[in-house]
Amino acid sequence: MSKYPDYISEKRRPAPTPDSIVENGKAHFGTFDKPFKKLNLLDCEKPCGKIMPDFMKKGRLTEWEAFEVHLDEGALISAIYNTGPFGFSIFVWFDKRTRKISSWRNIVPVKKAKVASQLVDDYCELKVKKSEYVITNDLMNGKAAAKGWSVNGKSGKIEIDVKVERLSPVSNVSIPFGENKPLYSEKDFFKATGYIAVNGEKFVTNDNSVAIIDDHKGYYPFRAHYDWLTTMGKCEIDGEMKYFAFNLTRNQSINQDDYNENVIWVEGESYPMPPVVFSREKRKAKTWTIRDEHGCVDLRFEIDDVFYMPIHLFVVDVYYALPFGRIYGYVKDTEGRKYVVDGMLGIGEDKSTRM
């Protein structure tokens, strides 16, 4: 425990994980050291306040599992979502050679989008005429896999067959958005093996290839917003190239110091990070800055291309931007080591919802 500086809250230091995220109607909050065996968020009592009846909880619970892969030639963000009245799968490929995006999206009624109930031994699945996708989880043993394909007239066809094994300790948090209103997020950093193919061009993994899984379940406010930035790959550390990644997010946590999901991964290690602030001159600015108050994060994100997915459906209103580009600057871990990340791949999100 002594290795953490004073600015890292006790609640950001990984504690033993309870079997269930909710017990006796109350959610556990904090940072945990292993996956939850039971992600029973529907057992929360009144997570959306006293006015909303509990039978509406399921419609308020947003769930997804994202599978993110970084190869020499490009990066893929893929996911299966279950949110409100509908679900969808998505594949967004960023070609690092052209700095351009190709995308595939498949929207279905909510019952046809299966999101894993937990990461120990469950799976995600979405199948339609033009796409099939399955994400299989074995995260208690540090393993997972993704296999599927999707086609559309504009982007053509994408295929993925990738297996992953964990490189560093899990990042598992339960963040309060209110008194008993949890946002759970587990993120894992992996070595990736397999291939991604885009329109017949096959990109095979090598020693540089890595992946991140982002599992997410929570009760968002009726009006919500978050910003996110990640990188993954290899970074020169003490004269040696090592696997390296970080995750930085700003959301509706009621206490950013105690409850956030910011983390640095270096092969075999992970380091909790303090809260950060995202800044940009305007919403669609090509440059973001991300900083903290303790000199641990000072980054500039230069955007090359953006995937937009606005949704306007009855009472649902979503602004979603997924930019890809390059990051410059540094992050510093809790032991004082500075990691210069100039030119590394950056992937971000800017999302606002009214649901």
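The values are calculated or read from the model by the stated rules, or taken from the named source; none is laboratory data. This structure is a prediction, so every number in the text was calculated from the model and none was measured. Glycine gets a Cβ as well: all are built from the backbone with ideal geometry, and neighbour counts include every protein chain shown.
Just name the residue that is surrounded by the fewest Cβ atoms within 10 Å (Cβ to Cβ) out of those in the range 225-254 that are outside any strand (DSSP E or B) and touching a residue at least 24 places away in the same chain (Cβ under 8 Å).
As a first pass, look at the range 225-254 and keep what is outside any strand (DSSP E or B): 238-239, 251-254.
Of the ones still in play, those that are also touching a residue at least 24 places away in the same chain (Cβ under 8 Å) are 251-254.
Working: N251: 21, Q252: 18, S253: 20, I254: 13.
The qualifying residue surrounded by the fewest Cβ atoms within 10 Å (Cβ to Cβ) is I254.
Quick grid of which residues meet (1) farther than 14 Å from N199 by Cα; (2) in contact with a helix residue (DSSP H, G or I) (Cβ under 7 Å, 6 or more places away or on another chain); (3) of a type in the set (S, T, N, Q):
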{"residue": "D72", "(1), (2), (3)": "yes, no, no"}
{"residue": "Y81", "(1), (2), (3)": "yes, no, no"}
{"residue": "F86", "(1), (2), (3)": "yes, yes, no"}
{"residue": "V92", "(1), (2), (3)": "no, no, no"}
{"residue": "I101", "(1), (2), (3)": "no, no, no"}
{"residue": "C124", "(1), (2), (3)": "yes, no, no"}
{"residue": "E132", "(1), (2), (3)": "yes, no, no"}
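Counting residues that are among the aromatic types (F, W, Y) and in contact (Cβ under 8 Å) with a residue 12 or more places away in the chain, which strands (runs of 3 or more DSSP E) fully inside the range 275-355 reach at least 2? Working first, answer last.
Numbers: elements: 277-279, 287-291, 297-308, 311-313, 316-332, 338-340, 344-354.
Here the list reads 297-308, 316-332.
Condition (residue is aliphatic (A, V, I, L, M) and either at pLDDT below 95 or surrounded by fewer than 22 Cβ atoms within 10 Å (Cβ to Cβ) (or both)) applied to the range 56-63: is it met by at least one residue?
The answer is yes, given that some residue of the range 56-63 is aliphatic (A, V, I, L, M) and either at pLDDT below 95 or surrounded by fewer than 22 Cβ atoms within 10 Å (Cβ to Cβ) (or both).
Quick check on my filter: what residues within the range 279-304 are among the charged types (D, E, K, R), within 26 Å of F91 (Cα to Cα) and exposed (fewer than 15 other Cβ atoms within 10 Å of the Cβ)?
Listed by number, the residues that qualify are R283, K284, K286, E302.
Can you spot a residue in the range 125-147 that is in contact with an Asp or Glu (Cβ under 8 Å, 6 or more places away or on another chain), at positive phi and surrounded by fewer than 21 Cβ atoms within 10 Å (Cβ to Cβ)?
Yes: the range 125-147 contains one or more residues that are in contact with an Asp or Glu (Cβ under 8 Å, 6 or more places away or on another chain), at positive phi and surrounded by fewer than 21 Cβ atoms within 10 Å (Cβ to Cβ).
Got a sec? Which of K38, K50, K34, K112 is in contact with an Asp or Glu (Cβ under 8 Å, 6 or more places away or on another chain) and surrounded by fewer than 22 Cβ atoms within 10 Å (Cβ to Cβ)? Before the answer, list the steps.
Values: K50 fails: in contact with an Asp or Glu (Cβ under 8 Å, 6 or more places away or on another chain); K34 fails: in contact with an Asp or Glu (Cβ under 8 Å, 6 or more places away or on another chain); K112 fails: in contact with an Asp or Glu (Cβ under 8 Å, 6 or more places away or on another chain).
The unique qualifying residue is K38.
Which residue out of V128, V198, V134 is closer than 25 Å to F36 by Cβ and of a type in the set (A, V, I, L, M)?
On the way: V128 fails: closer than 25 Å to F36 by Cβ; V198 fails: closer than 25 Å to F36 by Cβ.
Result of the check over V128, V198, V134: V134.
Each row is one residue, and each column tells you yes or no for (1) closer than 25 Å to H70 by Cβ; (2) small (G, A, S); (3) touching a strand residue (DSSP E or B) at 6+ places or on another chain (Cβ under 6 Å).
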{"position": "Y308", "(1), (2), (3)": "yes, no, yes"}
{"position": "F324", "(1), (2), (3)": "yes, no, yes"}
{"position": "R337", "(1), (2), (3)": "yes, no, no"}
{"position": "V340", "(1), (2), (3)": "yes, no, yes"}
{"position": "G346", "(1), (2), (3)": "yes, yes, yes"}
{"position": "R354", "(1), (2), (3)": "no, no, yes"}
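Of all residues in the range 199-213, count the ones that are surrounded by fewer than 21 Cβ atoms within 10 Å (Cβ to Cβ) and touching a Lys or Arg at 6+ places or on another chain (Cβ under 8 Å).
First pass over the range 199-213, keeping only residues surrounded by fewer than 21 Cβ atoms within 10 Å (Cβ to Cβ): 199-204, 206-208.
Filter once more, keeping what is touching a Lys or Arg at 6+ places or on another chain (Cβ under 8 Å): 199-200, 208.
The qualifying residues number 3.
Anything in the range 31-56 that is among the basic types (K, R) and closer than 28 Å to N262 by Cβ? List them, or say none.
Start the filter on the range 31-56 by keeping residues that are among the basic types (K, R), which leaves 34, 37-38, 46, 50.
Scanning the range 31-56 gives K34, K37, K38.
Looking at I175, I160, which is the one that is farther than 30 Å from P272 by Cβ and buried (at least 23 other Cβ atoms within 10 Å of the Cβ)? Before the answer, list the steps.
Values: I175 fails: farther than 30 Å from P272 by Cβ.
The unique qualifying residue is I160.
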